[in-house]
1. When the range 47-93 is examined, which residues are found to be outside any loop (DSSP other than H, G, I, E, B), more than 15 Å from the chain's Cα centre (by Cα) and hydroxyl-bearing (Ser, Thr, Tyr)?
2. Inspect all residues belonging to the range 229-243 and state whether any of them is surrounded by fewer than 17 Cβ atoms within 10 Å (Cβ to Cβ) and either touching a residue at least 60 places away in the same chain (Cβ under 8 Å) or assigned to a helix (DSSP H, G or I) (or both).
3. Would you confirm whether or not the range 254-261 contains a residue that is touching a strand residue (DSSP E or B) at 6+ places or on another chain (Cβ under 7 Å) and either within 20 Å of residue 109 (Cβ to Cβ) or modelled with pLDDT of 95 or more (or both)?
4. I'd like to check something: does the range 208-223 contain any residue that is under 19 Å from the mean Cα position of the chain (by Cα) and modelled with pLDDT under 95?
5. Would you confirm whether or not the range 108-115 contains a residue that is under 17 Å from the mean Cα position of the chain (by Cα), β-branched (Val, Ile, Thr) and modelled with pLDDT of 95 or more?
6. Give the range 94-112 a look and list any residue that's in contact with a helix residue (DSSP H, G or I) (Cβ under 7 Å, 6 or more places away or on another chain) and in a loop (DSSP other than H, G, I, E, B), or say none.
7. Does the range 103-113 contain at least one residue that is farther than 23 Å from residue 188 by Cβ, in contact with a strand residue (DSSP E or B) (Cβ under 8 Å, 6 or more places away or on another chain) and touching a residue at least 40 places away in the same chain (Cβ under 8 Å)?
8. Out of all the residues in the range 136-150, is one or more without any contact (Cβ under 8 Å) to a residue 12 or more places away in the chain and either closer than 17 Å to residue 255 by Cα or not small (Gly, Ala, Ser) (or both)?
Amino acid sequence: MHRFSLFILGLLSLGQTALAAGPDAPAHLALWRSYTGVTWQQRVDAHSVNAPIAGLHFDAAGRAFVSTPRLISTQAPATLSLLDTKSLSGPARLTAFPSTAANSISADPRTHLRNVLGFYVDNRNGWLWALDQGFVAGEKTAPPGAQKIMIYALSDGHLVQRIPLDSVADREGSFLNDIVVDEARRVAYIADSGLRSAPDNQAGLIVADANRGTVRRVLNQHPALMPVAGLQVVSHGETVWPGNPIMLGINGIALSPDQETLYWTVTTGTT
């Protein structure tokens, strides 16, 4: 785990409300695992698709939002959805958010969701920040304008703001993994692992200010963000991608409760 003192270095300005500390951990925890075979509830899209569930976040009303990145297949009718938490058996049942049309990959890539992996539920402002990687399965390069943040109102799904990222993310080499938001200042911090440009990963940290409508890239290819060459990533006792080692830089990202420190992990790393 790496940490970056925002106050001392003065690169980033934070003012997020403190993260709520939960009660003592229960004695038994149920592990959340992503899985394939999900069903969308709209009548026209009522079929199962090979779409791994990746992100999971709840809003203040208890609704569960999930991302199903289009990294394996483009057949999923949506890459951002609401999960039916009342369904306890069978495939996961999803409803596209904010709509199936808004998730279309055949429409304008600048204004429609194409491939969401990381997203953030901002309960302070009543927003959902969707980080769109831009490219989908089978595409070597993201279309112009497809890399973006789309901010939607949690109340009714209307588009609040679009923040383009092409100026700070490479359409062929970037891999926009995760996002965390300073809700008070409306500033997002994005982890770009640069997976698609491995082994010389174009890893970096992106700062997007919704109030100012500005974006900037910092710590580009800094050693603390880069994967460790020759390191094997092991999950559940098995090597990930044997013979073709995964080279994933900065990935998970979070803010400290005192708002002074940004934390991140490097997947192909030792901390």
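The values are calculated or read from the model by the stated rules, or taken from the named source; none is laboratory data. From a predicted model like this one, the values you see are computed outputs, not experimental measurements. Please note: Cβ atoms are built from the backbone with ideal geometry, for glycine as well, and neighbour counts cover all protein chains shown.
1. Hit for the range 47-93 is 48, nothing else.
2. Among the residues of the range 229-243, not one is surrounded by fewer than 17 Cβ atoms within 10 Å (Cβ to Cβ) and either touching a residue at least 60 places away in the same chain (Cβ under 8 Å) or assigned to a helix (DSSP H, G or I) (or both), which makes the answer no.
3. yes
4. No - not one qualifying residue is present in the range 208-223.
5. First, pick out the residues of the range 108-115 that are under 17 Å from the mean Cα position of the chain (by Cα): 112-115.
Those still in the list that are β-branched (Val, Ile, Thr) too: none.
No, every residue in the range 108-115 fails to be under 17 Å from the mean Cα position of the chain (by Cα), β-branched (Val, Ile, Thr) and modelled with pLDDT of 95 or more.
6. Restricting attention to the range 94-112, the residues satisfying the condition of being in contact with a helix residue (DSSP H, G or I) (Cβ under 7 Å, 6 or more places away or on another chain) are 96, 100, 112.
Matches in the range 94-112: 100, 112.
7. Pass one, the range 103-113, residues farther than 23 Å from residue 188 by Cβ: 104-107.
Right, trim to in contact with a strand residue (DSSP E or B) (Cβ under 8 Å, 6 or more places away or on another chain) and you get none.
No: the range 103-113 contains no residue that is farther than 23 Å from residue 188 by Cβ, in contact with a strand residue (DSSP E or B) (Cβ under 8 Å, 6 or more places away or on another chain) and touching a residue at least 40 places away in the same chain (Cβ under 8 Å).
8. Step one: list which residues in the range 136-150 are without any contact (Cβ under 8 Å) to a residue 12 or more places away in the chain, which gives 139.
Then drop every residue that is not either closer than 17 Å to residue 255 by Cα or not small (Gly, Ala, Ser) (or both), which leaves 139.
Looking through the range 136-150, at least one residue is without any contact (Cβ under 8 Å) to a residue 12 or more places away in the chain and either closer than 17 Å to residue 255 by Cα or not small (Gly, Ala, Ser) (or both).
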